[in-house]
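Chemist: Below is a structure I'd like to ask you about.
The values are calculated or read from the model by the stated rules, or taken from the named source; none is laboratory data. Only a predicted model underlies this, so the values are computations on that prediction, with no experimental measurement involved. Glycine gets a Cβ as well: all are built from the backbone with ideal geometry, and neighbour counts include every protein chain shown. Calculation scope for accessible area: heavy atoms of the full protein, side chains included, ligands and nucleic acids excluded. Shrake-Rupley method; radii C 1.70, N 1.55, O 1.52, S 1.80 Å.
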Amino acid sequence: MKTRRIIEGVVGALLAGAAVTGLAGWYFEHKKVGELEAQMKVLKRQEMRSAVDRSVSKQMEEIANEQREISDEKREEALQQTRVANEMRARSEFERLNAIEAERNAVAAEKKAREASVLAEEERQIAEHQRIQAEFAKSVADTLSYIALGRSLGSISTIQYQAGNIELANMLSYTSYLYTNRYGGDIYIPAVFKSLMEASKSVKSWTEHQGAVMNLEYMPGQVNKLVSVSNYGEILLSERHGDKLNVTTLFKDNHFDFRDLLIDEHTSNIYAVSRSGHLVTIANDLKTVKIIPLENMVHPKRLHYFNEKNLFIIGEQSIAVFDMKRNIINVTKQLPFKVSLASRKAKLPLLFDDKGNMHLVNGPESFETKKQPVQGKVTAYCESKNTGIEAYGMSDGTIWINIKGKMQKLVGHSSRISKMKLNGRRLYSGSYDGKVNLWIADKGKIEPMELISNGTWIMHFNFDSTKNTFWLGDMKGHLKAVNISVPLMVSEIKKRIHRNFTQEEWNYFIGQNVPYEALM
C-alpha cells in the first residue's frame, strides 16, 4: 500500500513532471513559433524591401548605365575637345614661336635701324663739327686777319700823324680801333693805343712851376681841380677848363723844399711838408697860411693819415704825430733805422730802410718789421687792395711784381722808378727816364706799353677819381693831363673826322678784299 502510494506518487510526480515538461515544451515551442512568425514577417518585410531595393537598384543601374553612356559620350566629347584644344594649343604655340621669331627679327631690325641711325647721327655730327671747325677756322683766320689789320692801321696812323697828315691819321686811328674792338683784339696793344692817344691829343701840358713838381693831389670831390707842390717852395692850385689851365699861387718861398702834400678830405685843409724841416698848412679858405717848424726832425719827407685828428710826419730818422685840430706836434719818435722810402700799405705807412728791411707802422712806437722780398734799393711801392698784387720799383729801373706770391721781374725803364699806381691788374709806372709805362698783369709775360715819353724826369703822377685821366709833374715844372679812357679818346677822334675814305685810300690802306665802310 505504501509502495503503491509511493509508486503512485512517483508516477504522479512523473506525470506532473511530464505535464510540466510538456507544458514548458509547448510554451517554448509556441514562443519559438511566435518568434519564427515574427522572423517570417521580418523576412517578408526584408524580402519586400529587398525587392524594392532590387527594383530601385535595377532602376539605379539603368540610370547608371544611362549616366555611363552619357559620361562616355561626354568623355568622347571631352576627348574630342581635348584633341581640338591640343591642336589649337599646338597651333597657338607654333604661332607664339612665330611671333617670338618675328619679334626677335623686329628687335634685330630695330637695333640695326637704331645703329644705322646712330651712325647717321654720328656722321651728321662729324659733318656738323667739320663745318663748325671750318667756319671757326675761317672765323679765326678772319679774326686774326682783322686784328692784325687793326694793329697795322694803328702803326700807319702814327706814321701819318708824325708826317703831319692829321686828317688821314685820325681816320686810320679810328679804323684801327674799329677792327680791333669788333674782333675782340687788345686795345692796349701799343700800336693801337698809341695811335688813339696821338689822334685824340690825349696829352695836355702846361709849364707853371719853377721847380720840380714833387707831388700833386686832387681837391676833395673835384676832377679837374688839383694842388701841386715843388722843390722850389711852390704850392699851386690849378683848375682845368678844356685846354686852358687857371692857376692860383697859394704859397711861394724858395727857401722851402716841398716833398709831400696831403689834403684833408674832411676839411679840405692843405698840408705840405718841406725837407727844410717845416710844415705849411693852408686852411680851406685858401688864404690862411701857417708855417710850423718841425723840431727834432731831420729831412721830413712824407705825410700820412694817422686818424681823423692826427697826421704822421715821417723824416729820415724820426716819425712825429701832428694834431690837425690844434696845429701842434704831439709826439716825436726817433727811429732806429734810416728811412730811404716812405709809402703806404693797407692804409698804414710802410717804411723801407737802407738795410733791406721794411716796417709797417701801426703807431708811433709800434712797427711790424720784416725783410723786403727783393734785393736792391726800393724807390717806389704800390699795392692793389682788390687783387692783392704788390709792385716794388727799384733804383735801377726794374720793377718786381708779386702776383699771388710769385715774383716776376719787369724790364721797361732805364732809370730810377719814381712813382707807381695799381688799378686792379693795370700797373702804371713813372721813371727818371721820362716815361710812364702801362703793364697789364693778367698775361703770362708782362710787357710794357709806353704811354708818355716826357724827355725829363717824371717825379709824380696821380689819377682822378674816374680813373680816366692822370696828371703828372716832372723835373722841369711841367703839369701834364693825360687822358687814358678809350671811349673818351674814340669820342674825341670821331669829332675830328669830317669825311670818309676815298675808294682809292680804302684800297691802298685797308685793302680791296675788305668791305668798304663809311666812317660818317
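Chemist: Can you give me the relative contact order of the chain as a percent, contacts being Cα pairs under 8 Å and 6 or more apart? Mind showing how you got there, number by number?
Modeler: Working: 903 pairs, mean separation 48.1, N = 520.
The value is 9 percent.
Chemist: Counting Lys and Arg as +1 and Asp and Glu as -1, what is the net charge of the other residues whose Cβ lies under 14 Å from the Cβ of K480? Mind showing how you got there, number by number?
Modeler: Details: positive: K201, K204, R240, K419, K435, K476; negative: E208, D243, D464, D474.
Neighbour charge sum, excluding K480 itself: +2.
Chemist: Along the positive direction of the dipole of the stretch 321-433 (beta-carbon charges: Lys, Arg +1; Asp, Glu -1; about the Cα centre), which of S384, M407, P373 reaches farthest?
Modeler: Of the listed residues, the answer is S384.
Chemist: Right, here's the next one. In units of 2.2 N^0.38 Å, what is the alpha-carbon radius of gyration of the stretch 313-466? Don't jump to the answer; show the numbers that get you there.
Modeler: Working: Rg = 16.4 Å, N = 154, 2.2 N^0.38 = 14.9 Å.
Compactness ratio reported: 1.10.
Chemist: Between Q59 and S366, 0.36 nm times their residue separation minus their Cα-Cα distance comes to what?
Modeler: On the way: separation 307, 0.36 × 307 = 110.52 nm, distance 13.53 nm.
My answer for the length gained is 97.0 nm.
Chemist: Of the peptides 169-175, 480-486, 95-101, 507-513, how do they stack up when ordered by the mean number of other Cβ atoms within 10 Å, highest first? List each step's numbers first, then the result.
Modeler: Details: 169-175: 25.6, 480-486: 19.3, 95-101: 10.7, 507-513: 13.1.
The densest-packed peptide leads the list: 169-175, 480-486, 507-513, 95-101.
Chemist: How many angstrom lie between the C-alpha centres of the stretch 321-345 and the stretch 395-426?
Modeler: First find each Cα centre; the distance between them is then 27 Å.
Chemist: From largest to smallest, what semi-axes in whole angstrom does the stretch 307-370 give when each is the square root of 5 times an eigenvalue of its alpha carbon gyration tensor? Present the calculation step by step, with values, prior to reporting the outcome.
Modeler: Details: eigenvalues 87, 31, 16 Å².
Equivalent ellipsoid semi-axes, largest first: 21, 12, 9 Å.
Chemist: Shifting gears a bit: Considering the chain, what Rg and Dmax in Å follow from its alpha-carbon atoms?
Modeler: Here Rg and the maximum Cα pair distance are 62.0, 218 Å.
Chemist: Using a 1.4 Å probe on the protein chains only, how many percent of the accessible area of the stretch 305-457 belongs to carbon and sulfur? Intermediate values should be presented prior to the final figure.
Modeler: Values: 3200 of 7180 Å².
Within the stretch 305-457, the accessible surface is 45 percent carbon and sulfur.
Chemist: Heavy-atom accessible area per residue, the stretch 286-368, 1.4 Å probe: how many Å²? Don't skip to the end; give the middle numbers.
Modeler: Working: 4240 Å² over 83 residues.
I get 51 Å² per residue for the stretch 286-368.
Chemist: For the stretch 109-268, what is the relative contact order in percent, using Cα pairs closer than 8 Å and at least 6 residues apart in sequence?
Modeler: Working: 218 pairs, mean separation 22.1, N = 160.
About 14 percent, as a whole number.
Chemist: Also: How do the peptides 212-224, 421-433, 232-244 rank, highest first, by the average count of neighbouring beta carbon atoms within 10 Å per residue? The partial results should precede the final answer.
Modeler: On the way: 212-224: 18.7, 421-433: 21.1, 232-244: 16.5.
Result, highest mean Cβ count within 10 Å first: 421-433, 212-224, 232-244.
Chemist: How big is the stretch 229-329 on each of its three principal axes, counting only the C-alpha atoms and giving the largest first in Å?
Modeler: 43, 29, 20
Chemist: Report, in cubic angstrom per residue, the convex hull volume of the C-alpha atoms of the stretch 202-288. If you can, show how the numbers build up before the last one.
Modeler: Numbers: hull volume 8.0 nm³, N = 87.
Hull volume normalised by residue count: 91 Å³.
Chemist: For the stretch 464-520, what % of the accessible area comes from carbon and sulfur atoms, probe 1.4 Å?
Modeler: On the way: 1510 of 3010 Å².
Reported share for carbon and sulfur atoms: 50 percent.
Chemist: How big is the shadow of the Cα convex hull of the stretch 397-520, averaged over all directions, in nm²? Intermediate values should be presented prior to the final figure.
Modeler: On the way: hull surface 43.2 nm².
With the hull built on Cα positions only, its mean projection is 10.8 nm².
Chemist: To the nearest 10 Å², what's R68's accessible area with a 1.4 Å probe?
Modeler: Accessible surface of R68 is approximately 130 Å².
Chemist: GluC sites (Glu not before Pro), restricted to the stretch 318-414: which are DSSP loop and have at most 14 other Cβ atoms within 10 Å?
Modeler: Working: sites: E365, E368, E383, E390; in loops: E365.
Passing both the DSSP loop test and the Cβ count: E365.
Chemist: Still on this model: Evaluate the relative contact order of the stretch 393-520 (contact order divided by residue number), counting alpha-carbon pairs under 8 angstrom at least 6 apart; express in whole percent. Could the numbers behind the result be given before it?
Modeler: Details: 224 pairs, mean separation 16.3, N = 128.
Over the stretch 393-520, the number comes to 13 percent.
Chemist: Here's a follow-up. Tell me the mean residue ellipticity at 222 nm calculated for the chain from its helices only (DSSP H runs of n ≥ 4, each -39500 (n - 2.57), averaged over every residue, nearest 500).
Modeler: Using -39500 (n - 2.57) per qualifying helix, the result is -14500 deg cm²/dmol.
Chemist: With equal scatterers on the alpha carbons only and no solvent term, can you work out the Debye log10 of I(q)/I(0) for the stretch 159-249 at 0.11, 0.13, 0.16, 0.22 1/Å?
Modeler: The computed values of log10 I(q)/I(0) come out as -0.51, -0.65, -0.80, -0.95.
Chemist: Right, another one. With charges only on Cβ, +1 for K and R and -1 for D and E, what is the dipole size of the stretch 194-244 about its Cα centre, in debye, rounded to 20?
Modeler: Numbers: 6 positive and 6 negative charges, 45 e Å.
That gives the stretch 194-244 a dipole magnitude of about 220 debye.
Chemist: Ok, one more. How far is it, in nm, from the label point at D253 to the one at D464 when both lie 7 Å from their Cα along the line to the Cβ?
Modeler: Between D253 and D464, the label points sit 3.3 nm apart.
Chemist: Given +1 on the Cβ of Lys and Arg, -1 on the Cβ of Asp and Glu, and no further charges, what dipole in debye does the chain carry about its Cα centre, rounded to the nearest 20? Working shown, then result.
Modeler: On the way: 71 positive and 62 negative charges, 344 e Å.
Approximately 1660 debye in magnitude.
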